[in-house]
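So the structure is just underneath, and the comments pick up after that.
The values are calculated or read from the model by the stated rules, or taken from the named source; none is laboratory data. Values in this document were obtained by computation on a predicted structure and should not be read as measured data. Ideal geometry is used to build each Cβ from the backbone, glycine not excepted, and the neighbour counts take in all protein chains shown. For the accessible areas, the whole protein counts, side chains as well, though only heavy atoms, and no ligand, DNA or RNA atoms are used. Shrake-Rupley method; radii C 1.70, N 1.55, O 1.52, S 1.80 Å.
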Amino acid sequence: MPPVILVFTVTGAALFVISCFFLGWGAKADDSGSNPLKTVGWIAMVAGIVDLLSALYIVSRSGLPAAAGTSAADAATASNGALLLGGLVGFYGLFFTSVGAAAYFGLDLRPVANLAIPVGLVPIAFWQFFDGSVLLHSILIVWLIAFWSVTATVYGKLPAKVLGGILMITAIWTFFLPVVLLVTRGELF
């Protein structure tokens with residue numbers, strides 16, 4: 001099984017911290033001059049790297065021989081599925097690594113905002129890949145809204161606190177809820 005729980009928990013935790021920052025919770029430097037944005041950036045960068053490593057693992061496992069008795073068509077579909085899932089996880093890994101690096105090193109966020117446009121839109125092409133799961137379809141829609149909201153906020157079209165609320169909902173619905181369902185039910189609804 002792909003390291004889905006790892007991706008969901010680590011990325012969800014990073015998104016939760018990012019949303020708290022945009023909501024203004026612990027976002028101000030203290031008297032010692034520490035910068036909370038650097039910490040948020042570090043957490044996001046680590047999550048992105050974990051996602052990229054998970055994507056590499058998923059893709060590298062796609063070439064394993066199929067189990068005995070598996071038809072050639074089923075084996076090809078399973079292999080393509082792993083490649084598609086690995087690509088999607090890698091896409092988010094790139095984004096979170098980029099966000100984290102920009103926040104940590106104080107880089108310009110506009111290129112990251114531009115990256116958020118395809119990161120929100122391209123996963124909609126995975127709609128059929130997730131057929132049969134209302135939850136996963138809803139996650140694709142929430143991600144589209146969340147990533148485009150990042151772009152809108154960076155370009156001054158959406159207040160930071162609104163983005164923080166959207167990202168909080170995204171963390172809970174798209175990352176934490178799937179973990180709870182997988183742990184308690186062994187499946188997504």
Quiz item: Which pairs have Cβ atoms under 9 Å, sit 6 or more apart or on different chains, and link a residue in the range 3-26 that is farther than 18 Å from TRP42 by Cα and in a helix (DSSP H, G or I) to one that is open to solvent by 50 Å² or more (accessible area, probe 1.4 Å) and of a type in the set (A, V, I, L, M)?
Solution: ILE5/VAL183
Quiz item: Can you pull out the residues in the range 90-114 that are touching a Phe, Trp or Tyr at 6+ places or on another chain (Cβ under 6 Å) and without any contact (Cβ under 8 Å) to a residue 24 or more places away in the chain?
Solution: none
Practice problem: For residues that are out of contact with any Phe, Trp or Tyr (no Cβ under 8 Å at 6 or more places or on another chain) and under 20 Å from ALA102 (Cβ atoms), tally how many sit in the range 115-139. | Solution: 1
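Give the residue that is farthest from VAL10 (Cα to Cα), with candidates limited to residues of the range 79-94 that are of a type outside the set (Gly, Ala, Ser) and open to solvent by less than 30 Å² (accessible area, probe 1.4 Å).
If we filter the range 79-94 for residues that are of a type outside the set (Gly, Ala, Ser), which is where we start, we get 80, 83-85, 88-89, 91-92, 94.
Remaining after also requiring open to solvent by less than 30 Å² (accessible area, probe 1.4 Å): 88-89, 92.
On the way: LEU88: 16, VAL89: 12, TYR92: 12 Å.
Ranking the candidates gives LEU88 first.
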Quiz item: Taking the range 118-130 on its own, how many of its residues are of a type in the set (Val, Ile, Thr) and either open to solvent by less than 20 Å² (accessible area, probe 1.4 Å) or under 29 Å from LEU37 (Cβ atoms) (or both)?
Solution: 2
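Determine if the range 95-105 includes at least one residue that is open to solvent by 80 Å² or more (accessible area, probe 1.4 Å) and part of a helix (DSSP H, G or I). Spell out the reasoning first.
Here is the first cut: in the range 95-105, the residues open to solvent by 80 Å² or more (accessible area, probe 1.4 Å) are 105.
Right, trim to part of a helix (DSSP H, G or I) and you get 105.
Yes; the residues of the range 95-105 include at least one that is open to solvent by 80 Å² or more (accessible area, probe 1.4 Å) and part of a helix (DSSP H, G or I).
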Quiz prompt | Matching residues, the range 131-189, being under 28 Å from PRO111 (Cα atoms), open to solvent by 70 Å² or more (accessible area, probe 1.4 Å), part of a loop (DSSP other than H, G, I, E, B) and without any contact (Cβ under 8 Å) to a residue 40 or more places away in the chain | solution = LYS157, PRO159
